[in-house]
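Everything below concerns the one structure shown next.
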Amino acid sequence: MDSEAASVFELTVPSRMEELEAVQQFAESTSGAFGLDKELAYWIEFAINESAINAIQHGNNSDASKNVSIRISSDGEVIEIVVEDQGPGFELSDVPDPTDVENLLKPAGRGLLIIQSFMDTVEVSQIDGSGSRLRMVKNIKDEKVS
């Protein structure tokens, strides 16, 4: 993505579930700023919200002294979403498969699977010191935009 021509939006919130309303408003405003059609906006907003929930609950264990940072950028061809937490980190390969028989009735664990099915790229990396970085990329060049 050409950072010179990219629109960039950033939000940092404490790790409290009450902050999800601010995250939702942030996601909606960025979708609007990028001119996404209703369906594409829904899935982008889903990815932002679900990854923020995971960062708050699983990454930071709902510790309000730790933050979740969200950075969303687009150059008109791709949307890149980066969500960072300050927790111990994780590997995508360590996340239990929600489609395995033993996990079918568990109430959690499907968000990342849905994100991976929609986004073109999903990567997890460790942040120097402490934390995880979830990077998601969606190619919108051939998608419908308003």
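Test of understanding: ordering Arg16, Arg133 by Cβ neighbours within 10 Å, fewest first, what list do you get?
Exposure proxy ranking, most exposed first: Arg16, Arg133.
What is the P(r) of the range 24-100, as percent of Cα-Cα pairs per 10 Å bin from 0?
Per 10 Å bin, starting at zero, the Cα-Cα P(r) for the range 24-100 comes out as 17, 43, 30, 10 percent.
Using the Karplus equation 6.51 cos²θ - 1.76 cosθ + 1.60 (θ = phi - 60°), what ³J(HN,Hα) coupling, rounded to whole Hz, does each residue of the range 83-90 give in order, writing x for Gly and Pro?
So the Karplus estimates, Gly and Pro as x, are 10, 10, 10, 10, x, x, x, 7 Hz.
Would you please give the FRET efficiency between Glu39 and Asp97, computed as 1/(1 + (r/R0)^6) with r the Cβ-Cβ distance and R0 = 35 Å, to the nearest 0.05?
0.85
Provide, for q = 0.13, 0.16, 0.18 Å⁻¹, the log10 of I(q)/I(0) from a solvent-free Debye sum over equal Cα point scatterers in the range 7-139.
Normalising to I(0) and taking log10 leaves -0.52, -0.79, -1.00.
FYI, it's all coordinate maths here, none of it is from the lab. If you're wondering where the values come from, they're calculated on a predicted model, not measured in any experiment. As a convention, Cβ positions derive from the backbone with ideal geometry for all residues, glycine included, and neighbour counts pool all protein chains shown.
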